[in-house]
1. If one computes the Cα centroid of the stretch 469-519 and of the stretch 573-592, what distance in Å separates the two points?
2. Please identify which residues in the stretch 415-441 have an amide N closer than 16 Å to a label point set 7 Å out from the Cα of residue 377, following the Cα→Cβ vector.
3. Return the distance in nm (one decimal) between the two label points of a simple spin-label model at residue 599 and residue 29, each offset 7 Å from Cα along Cα→Cβ.
4. So for the pair residue 278, residue 563, with labels modelled 7 Å out along Cα→Cβ, what separation do we get in nm?
5. Considering Cα pairs under 8 angstrom that are at least six residues apart, work out the relative contact order of the stretch 460-535 and quote it in whole percent.
6. When every alpha-carbon pair in the stretch 41-122 is counted, what percent end up more than 15 Å apart?
7. Be a star and scan the stretch 434-462 for residues whose amide nitrogen sits under 17 Å from the point 7 Å along the Cα-to-Cβ vector of residue 365.
8. Fewest Cβ neighbours within 10 Å first, please rank 133, 569 accordingly.
């Protein structure tokens with residue numbers, strides 16, 4: 001989707017309506033509050049203009065004390081009442097607006113979380129989301145801009161209606177016939193000419209502005225790149241403690257500062273935004289402002305000539321000048337809002353291109369049998385797999401059956417297919433060829449979420465949150481404390497837990513609690529292991545579970561592995577063969593194929609085998 005693309009007006013309308021339905025359904029009260037606040041703020045000035053005009057006319061005319069008293073009281077009361085109403089609505093609007101940015105982000109994130117992993121993992125889908133997100137971040141394009149235009153439409157429409165109500169009599173009141181040459185103002189053709197001139201100026205001013213704004217929309221691709229540089233290097237090292245040592249050692253601040261201040265960058269002096277702002281964009285915005293002032297001049301001349309000719313009193317001059325100026329500004333705002341909506345539709349289409357990503361993975365409907373004895377058997381039957389867009393097989397002709405309650409180690413060099421095997425096992429991807437069976441039934445026939453629930457996993461790039469230790473282990477706000485303690489103890493975290501004064505209520509890291517604790521990589525890995533145990537799934541997948549542990553901690557984990565995992569079937573992924581010796585079954589992968597299988601002693605005895613080769617290549621480190 002090119003940000004310079006102009007969409008047909010019918011598609012623009014359809015996209016904006018769809019997007020508005022999307023956001024209003026998340027919090028209808030927010031838009032009721034916004035609409036009411038826009039209505040009252042748009043109407044308030046006209047009430048003040050009208051009452052002020054009546055007061056001035058009365059002062060300049062009969063000066064009836066009773067009438068003046070009534071108008072003064074009406075002015076004070078209406079101002080006070082409207083001020084109270086506006087303040088209350090402003091407070092309500094502000095209250096409902098809290099969390100709107102999170103709502104806008106949640107629209108995309110919820111889709112990302114619920115779509116199948118194969119789609120979420122594709123480069124095309126990630127690019128769609130990144131492009132939309134970066135556009136939203138740099139100039140509020142997308143849903144945030146739609147919310148702005150919603151308020152712009154309400155204010156503009158109410159403002160136009162109110163101004164027209166106060167302006168109609170400007171053209172219907174006639175100059176007395178004895179006013180001399182000024183009587184020409186009564187000529188219908190003259191009035192049509194004045195109205196046409198006003199409308200022309202009213203329309204042309206926002207068109208200049210919308211045209212200037214379109215340059216910023218067209219530059220969104222470059223702006224996104226500029227934001228990427230700023231996000232990556234703007235605070236590099238200063239806010240990222242992990243980069244602070246490299247920053248000082250290699251003076252990375254010099255090159256990162258250059259990236260952000262380079263004249264060749266989008267935001268730098270001499271960059272595209274600078275050139276456009278000093279060139280066509282600046283000229284168009286200036287033209288818009290200049291045309292607006294021309295309109296003001298035309299209004300003043302026309303209204304004052306009619307007042308001079310005797311068509312109305314001096315008080316009405318303030319009414320008509322204020323009303324017609326407001327009519328022009330509101331019409332201009334309305335036209336500008338329409339233009340912004342059209343520019344913004346391109347970015348909303350980016351969002352819908354992402355949201356409309358099809359979930360083509362079959363979800364299944366069979367119930368996964370719940371067995372207290374954990375008697376689940378999984379079999380890979382002639383399974384082959386290619387990643388989307390690739391012509392190479394990541395897995396080829398794999399046939400493998402898990403023995404219930406067994407410890408299966410999967411080993412191999414980088415790129416041998418170990419990670420792909422895990423993704424297929426957990427049904428993050430479906431096989432390109434062949435089938436995977438659970439208790440003799442193709443796993444694609446099972447309810448997707450129920451099938452996922454029979455697995456617990458500790459992936460190499462696992463994620464802990466800055467919540468309490470108990471919440472992290474249970475992956476929930478509510479948890480069984482005794483069960484959490486048992487899982488942490490079995491995972492080898494008991495001694496560290498005993499040193500925490502707040503126990504399970506201790507926050508991990510200091511993002512949300514200044515008394516939070518920083519855990520080491522090895523400690524974090526033990527917490528992740530405890531989380532996998534807490535789920536009590538019959539299958540446990542451990543992807544390099546001891547990669548961050550020192551040799552002593554690693555030995556402690558392996559010596560207690562049977563105690564930790566109990567009767568659960570465990571799949572253990574590792575590139576360190578010494579860590580696989582506790583497994584009675586080892587599967588050796590090479591170039592996407594299962595090339596060997598057996599226990600450690602049998603595999604090592606095969607001098608021509610891949611396992612023997614890998615073992616002796618690593619033997620020096622074991623010694």
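1. Using only Cα atoms, the two centres lie 31 Å from each other.
2. Residues 436-441 qualify, since their backbone N sits under 16 Å from the label point.
3. 6.6
4. About 7.4 nm separates the two model spin labels.
5. 41
6. 72
7. Under cut-off, by backbone N: 442-451.
8. Ordered from fewest to most neighbouring Cβ atoms within 10 Å, 133, 569 come out as 133, 569.
Every read-out reported here was derived from the displayed coordinates using simple, explicitly stated rules and does not represent laboratory data. Keep in mind that this is a model prediction, so the values were computed, not measured. Glycine also receives a Cβ, built like all others from the backbone with ideal geometry; neighbour counts cover every protein chain displayed.
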